[in-house]
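Working notes, beginning with the structure itself.
The values are calculated or read from the model by the stated rules, or taken from the named source; none is laboratory data. Note that the coordinates shown come from a computational prediction; the quantities given were computed from them, not determined experimentally. Note: ideal-geometry Cβ built from the backbone for every residue, glycine included; neighbour counts use all protein chains shown.
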Amino acid sequence: MAQKPGKVYLIGAGPGDPGLMTLKGLECLRQADVVVYDYLANPAFLEEAPAAEKVYVGKRKGLHHHPQEKINELLIEHARQGKVVARLKGGDPFVFGRGGEEALELVEAGIDFEVVPGVTSAVAAAAYAGIPMTHRDHTTTLGFITGHEDPAKKLSRLDWEKLSTSMGTLVFYMGMANLENICEQLVAHGRDPQTPVAVVRWATTPRQETLVGDLSNIVRKVRGEGFKPPALIFIGEVVGLRKSLRWFDNRPLFGKRVLVTRTAAQAGVFGSLLQAAGAEPIACPVIEIIPPKSYAELDAALQQLTEIDVLILTSVNAVEAFFQRLSTFGLDVRALFGTQVAVVGPKTAEALQQHGLRPDVMADDYRAEGVISKLKERGV
Ligand SMILES: C[S@@+](CC[C@H](N)C(=O)[O-])C[C@H]1O[C@@H](n2cnc3c(N)ncnc32)[C@H](O)[C@@H]1O
């Protein structure tokens, strides 16, 4: 039988916040037999393709794990074996991501491919730093530029004369090592030294940091703070809008890492609340809900529920465990006909209502003792 042809998806994984990958990107990733991923693609995405083989080909300045030719070969080799390959790249594959080079190699090798765009880091960093890259009162032009030119090149390919004054907002990718030269060239070619500059590192992640200055002092500030890549450099009047539009890194818990000790099953909701307040939740469950050593007592009670006057449920876990056990006897909520149900608080009540039952009694103070007082009030 002829082998099914392989395929390569060049997928933009976005800038870091896992919520910023497209639905199509996720869909392609989930189909993958092999995931080939980069330094800047959030590793959390690997969980979306649990059975796939994972190949890290991260590149960092001075630390080239895999030369580009090797990556190209890898993609072609796997696709030729009939595999679906997800090539996960930070940001967008076609913006300073060498996605164009990889796609050309695939064309040459006759491999089927698709390109799934991603949110490029400049767009995302601007949004998360509160810097609208264009604004009618400030600028209508915008340029994305590489700040990392090949050091072997004697002459810069950047036309500083035109760049400096022809565009309102300039965004440099990979420019940190070259920041001094960038600022000098822009000023030397006519840009006002007081032009605002923002440097944004690890944009959209809990590690995001932003430094603001102008063309005359940003180098000093970056050195003073020991500000490191990956970072983007925003240059232009729009940077000033951050003062009013900052929303991400000034949330009350931003920069805080919070251990969540709840059970793994319940950590998610709490984690989302923490995230919304800017914190980075770290799941560290110290509680595990396990079945009892013996169900004898519970089973005996379940078999004579009609004799039981009051059922007290003290937690969401208790609700789930109760109904799970009840169902093992082929029973459901109807078995509680005639029994009063008391709960400790609104969350337990909510869980109960998921099973179609309203509580008769709820504690005022959300404590087990409160349930007892309430029951006493009712003369139980
Ligand atoms: C090789 S380029 C890849 C760009 C990527 N294809 C994109 O569309 O964002 C790497 C550069 O992107 C920028 N970058 C990527 N992710 C970033 C992030 N989360 N925060 C700040 N800069 C980032 C940095 O300038 C970094 O040096």
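Total residues in the range 2-40 satisfying the condition of being of a type in the set (A, V, I, L, M), closer than 13 Å to residue 78 by Cα and outside any loop (DSSP other than H, G, I, E, B): the figure is 4. Restricting 23, 29 to those that are without any contact (Cβ under 8 Å) to a residue 40 or more places away in the chain and within 29 Å of residue 272 (Cα to Cα) reduces the list to 23. Looking across the range 209-228 at every residue that is touching a helix residue (DSSP H, G or I) at 6+ places or on another chain (Cβ under 6 Å) and within 22 Å of residue 278 (Cβ to Cβ), the one that is surrounded by the fewest Cβ atoms within 10 Å (Cβ to Cβ) is identified as 211. Of the strands (runs of 3 or more DSSP E) that lie entirely inside the range 234-314, those containing 3 or more residues that are over 30 Å from residue 359 (Cα atoms) and under 26 Å from the mean Cα position of the chain (by Cα) span 257-260, 280-283.
Among the residues making up the range 76-99, those that are in contact with an Asp or Glu (Cβ under 6 Å, 6 or more places away or on another chain) and not in a loop (DSSP other than H, G, I, E, B) are 84, 89. When every residue of the range 71-81 is checked against the conditions, none turns out to be touching a residue at least 40 places away in the same chain (Cβ under 8 Å), within 16 Å of the ligand (Cβ to nearest atom) and not assigned by TED's automatic domain parsing to the domain that holds residue 171.
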